[in-house]
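Shown next, in C-alpha cells, is the structure this report addresses.
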Amino acid sequence: MYEVNTVEAPSFQENKNKELYMFLLLMQEHLLFLSFDKRAGKFVRLNHYTFQEPIVNINPDKLKSEIEELTTDSSKKILAINNSKCSLVPSTFMKQDIAQDVLKLNFNISAGEDCKWDQITKADSYLVYSRGKEYQKIAALFQPDISIHASTALLNALLAKTYYADSNDMFIDISEKFFSVFLIKNKKFLLFNSYPFKKEEDILYHLLNISEHFEFNTQKDNYHFSGLIDRNSALYELLFKYIRYPFFLRKPENYKYDSIFEEQSMHPYFKLFSLASCV
C-alpha cells in the first residue's frame, strides 16, 4: 500500500510527557507528518508516506487506521493541502465573491469543491484556493486545529527570510504534477505562481521563460530548489545544463532541530517545515 521513511530523534520514544505540534502535508501520492516537541522546543520526528496510488483513491477509514497512532500524542494539528488550484489576490480587492471568481477564471472547478483563503500578511495578499470533495473528506479525518494551503506556508517562510541582498533569487518547489515559482528581485517580491508539467523539459521551458521575462540570468542569479528533486534525478541533470547555480533550500530559519535532522537532506521537506510559520 505504501512505503514509509522515518527520521526520529533518539529521545522521542523515551519522553513519555511530550507535548507535540503535529504538522501534516497532504500531497497527491505523499503524506508527510512532522512532530514538534513544545517542551524541548524543537522538531523531533518526520514520517514520509509514499503511496502507490493517489491518496484520494484510498479508503478514508483504512487510511485513518494506518496513521492514527501518529497523531495521538499531538496537542495541536496543522494540516496543509498541496495542489495547484491557488492564486494570490491583493488584500485591497479581497472579497468572497472575488475569490470564487478568481478560481473559476483560472481553473476548472468541479461541483462540490470549496473555496478557501489564507492571509499572507507580508505580501499584503490572500491566497485563494479550492479543495476537491475527496480532499475535504481526508482533511476531516484528521480534525485539524488549523487548515491551510501548503503554498501559504511556503510564502510565509520565504518572505520571512532576512538574507536577501541585491541578488536575484528564484525559488522553485517541485510537486508531483506541478511546481511553484517564487521570485525576489532587489529585495522585492515579484511573482508567485504554479505551473503544471508532464515531463522534465516542461519545467525547464517555464523556468527559462520566467527568467527571460523578469530578466534573470541563469549563469549568475540564484535558483533555489525544494520538493521532489535530488542531485541524481533526470530533472537536476537537465537543469544543471542551463542553470549554473541550482541550489537546494536548507531548512527554514528561526527553528531548532534535533541533531538527527542534520544527517538528512531536508530540501524535500522545506514546505513541510514551513508549516511552523503558520502557528
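Since every read-out is calculated from the coordinates, none of them should be taken as a lab result. Keep in mind it's a predicted model, so treat the numbers as computed, not measured. Cβ placement follows ideal geometry from the backbone for every residue including glycine, while neighbour counts extend to all protein chains displayed.
Table for the structure above
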item: Coil-residue trypsin sites (Lys or Arg not before Pro) of the range 192-279, DSSP, other Cβ within 10 Å capped at 15; result: 198, 199, 220, 231, 244, 250, 256
item: Principal axes of the range 190-257: Cα extent on each, largest first, Å; result: 37, 29, 24
item: Residues whose placed amide H lies under 5 Å from that of residue 120, excluding near-sequence neighbours; result: 125, 126, 127
item: Theoretical ellipticity at 222 nm over the chain - DSSP helices of four or more residues, -39500 (n - 2.57) apiece, nearest 500; result: -7500 deg cm²/dmol
item: Length released on extending from residue 65 to residue 110, taking residue separation times 0.36 nm less the Cα-Cα span; result: 13.3 nm
item: Total formal charge among the other residues, if their Cβ is under 9 angstrom from that of residue 12, Lys/Arg +1 and Asp/Glu -1; result: -2
item: Top of 212, 14, 134 by mean-square fluctuation, Gaussian network on the chain, Cα under 10 Å; result: 14
item: Against the rule of thumb 2.2 N^0.38 Å, how large the Cα Rg of the range 133-245 comes out; result: 1.19
item: Convex hull of Cα atoms in the range 132-193, direction-averaged projection (nm²); result: 5.5 nm²
item: Integer Hz, Karplus 6.51/-1.76/1.60 couplings in order for the range 167-179, x for Gly and Pro; result: 7, 9, 10, 10, 10, 10, 10, 9, 10, 5, 10, 8, 9
item: Karplus (6.51, -1.76, 1.60) ³J(HN,Hα), θ = phi - 60°, over the range 126-134, in Hz, Gly and Pro reported as x; result: 10, 9, 9, 7, 10, 10, x, 4, 5
item: Proportion of all alpha-carbon pairs of the range 86-139 beyond 16 Å (%); result: 40 percent
item: Computed P(r) (all Cα pairs; the range 1-93; 10 Å bins; percent); result: 14, 43, 27, 13, 3, 0
item: For the range 161-248: relative contact order, % (alpha-carbon pairs under 8 angstrom, 6 or more apart); result: 29 percent
item: Using θ = phi - 60° and Karplus 6.51 cos²θ - 1.76 cosθ + 1.60, couplings along the range 35-51 (whole Hz; Gly, Pro as x); result: 10, 10, 7, 5, 5, 7, x, 7, 6, 10, 7, 9, 10, 10, 9, 10, 9
